[in-house]
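Here is the structure we will look at, set down as structure tokens.
The values are calculated or read from the model by the stated rules, or taken from the named source; none is laboratory data. Computed from a prediction, not measured in an experiment: that's the story for all the values here. Cβ: placed from backbone, ideal geometry, glycine included. Neighbour counts: every protein chain shown.
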Amino acid sequence: MPVRQGRYTMMLPSAPGIAGYAAVVGKKEGEGPLGKEFDYIYEDAMAGEKSWEKAESVIHRDAVSRAISKAGITPQDADVIFAGDLLNQCMGTTFGVRELGIPFAGLYGACSTMSLSLAAAAVCVDSRIAEIAVASTSSHFCSAEKQFRMPLEYGGQRTPTAQWTATAAGSVVVTKAESKARIEKILIGRIQDYGIKDPNNMGAAMAPAACRTIADFLADTNTSPDDYDMILTGDLGSVGSQLLCELMIKQENIDIGSVHEDCGLLLYDMTNQKDVGAGGSGCGCSGAVLCSSILKKIENGDLKKVLFVGTGALLSSVSPLQSETIPGIAHAVLISGG
């Protein structure tokens with residue numbers, strides 16, 4: 001059963017294992033530096049469907065199906081799936097997994113959904129509520145832009161702080177079985193709001209939440225950044241990553257610079273790829289990076305301890321019209337090599 005450590009962190013005594021994982025991406029993501037790490041690359045953004053929303057459902061289902069297959073199980077073996085995306089009522093997820101017949105718990109954590117779903121799955125397995133739990137998430141550039149910003153046909157210019165929403169999906173199967181990658185601890189974050197209102201500056205909106213979660217986790221566990229091979233945020237991009245490191249030093253007197261990486265900076269080639277702006281974003285960004293390169297490195301022993309801190313901007317298509325600010329959230333999952 002989960003045990004509280006400090007004020008906010010939960011230890012998982014059984015350290016649930018990651019039995020299978022998969023990441024599928026779009027063409028732009030496949031052209032990035034992690035292209036060879038993904039399970040499948042969709043050359044067509046429509047994925048053979050008639051709308052971007054339907055395409056996202058196809059991509060999400062594909063990632064889940066591949067992760068389940070790699071875990072050596074069937075959908076009928078899974079006890080629960082925790083999953084979500086950026087669209088209204090998580091429709092990309094709902095229509096994507098409805099045919100799988102797995103008990104479904106829809107989650108909305110914005111871009112933090114991969115860490116939130118993974119934490120929920122791990123707690124369920126550790127507490128013996130489930131023997132097999134699936135965690136997954138997705139995003140699609142076109143469907144997200146259509147909902148949150150402006151129609152693509154408008155052709156509006158993007159600001160330097162804007163990030164590119166990844167067309168991607170990631171999925172993980174969590175079980176009791178022995179594994180080379182295990183989930184030891186989790187932390188459900190606290191909302192932080194520094195008054196950011198610009199929907200084209202997600203990194204600045206999310207960085208304070210990442211700072212708060214990392215600081216809380218290190219305090220609860222009595223550890224320092226040097227105890228980890230990587231503190232992986234997802235996805236702050238270049239603006240948010242710089243701000244995070246500054247906040248950690250100025251507010252917490254903690255320097256994470258030597259071990260910090262960000263999924264939004266790992267997914268794309270920031271120098272040679274066009275139109276990626278300040279880096280990647282969207283649920284699928286951290287989902288695809290974690291469920292490919294990072295978990296492979298943990299299994300291979302190249303990384304022994306990774307503190308995965310998924311970050312999310314908790315806005316909707318309505319909240320900016322009400323002159324609301326953009327609250328940020330970040331959830332942490334400690335993944336260790338078996």
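Within region 1-29, no residue satisfies the criterion of being surrounded by 19 or more Cβ atoms within 10 Å (Cβ to Cβ) and without any contact (Cβ under 8 Å) to a residue 24 or more places away in the chain.
Just for region 296-338: of the residues that are of a type in the set (G, A, S), in a loop (DSSP other than H, G, I, E, B) and more than 17 Å from G195 (Cα to Cα), which one is modelled with the highest pLDDT? If we take residues in region 296-338 being of a type in the set (G, A, S), in a loop (DSSP other than H, G, I, E, B) and more than 17 Å from G195 (Cα to Cα), then G301 is modelled with the highest pLDDT. Taken as a whole, the condition of being of a type in the set (G, A, S), in contact (Cβ under 8 Å) with a residue 24 or more places away in the chain, farther than 16 Å from I68 by Cα and touching a Cys at 6+ places or on another chain (Cβ under 6 Å) does not apply to A120. Do we have S57 as part of a helix (DSSP H, G or I) and either in contact (Cβ under 8 Å) with a residue 24 or more places away in the chain or touching a Pro at 6+ places or on another chain (Cβ under 8 Å) (or both) here? The answer is yes for S57.
Among the residues of region 106-113, at least one is buried (at least 24 other Cβ atoms within 10 Å of the Cβ), touching a His at 6+ places or on another chain (Cβ under 8 Å), among the polar types (S, T, N, Q) and within 19 Å of A166 (Cα to Cα). Take D275 and decide whether it is charged (D, E, K, R) and touching a Lys or Arg at 6+ places or on another chain (Cβ under 8 Å). For D275, the condition - charged (D, E, K, R) and touching a Lys or Arg at 6+ places or on another chain (Cβ under 8 Å) - is met. Residues of region 291-311 that are among the polar types (S, T, N, Q), in contact with a helix residue (DSSP H, G or I) (Cβ under 9 Å, 6 or more places away or on another chain) and farther than 13 Å from L266 by Cβ: T311 alone. Note on region 114-143: residues that are within 23 Å of W52 (Cα to Cα) and surrounded by fewer than 19 Cβ atoms within 10 Å (Cβ to Cβ) total 0. Within region 76-86, one or more residues are modelled with pLDDT under 95 and not assigned by TED's automatic domain parsing to the domain that holds G284.
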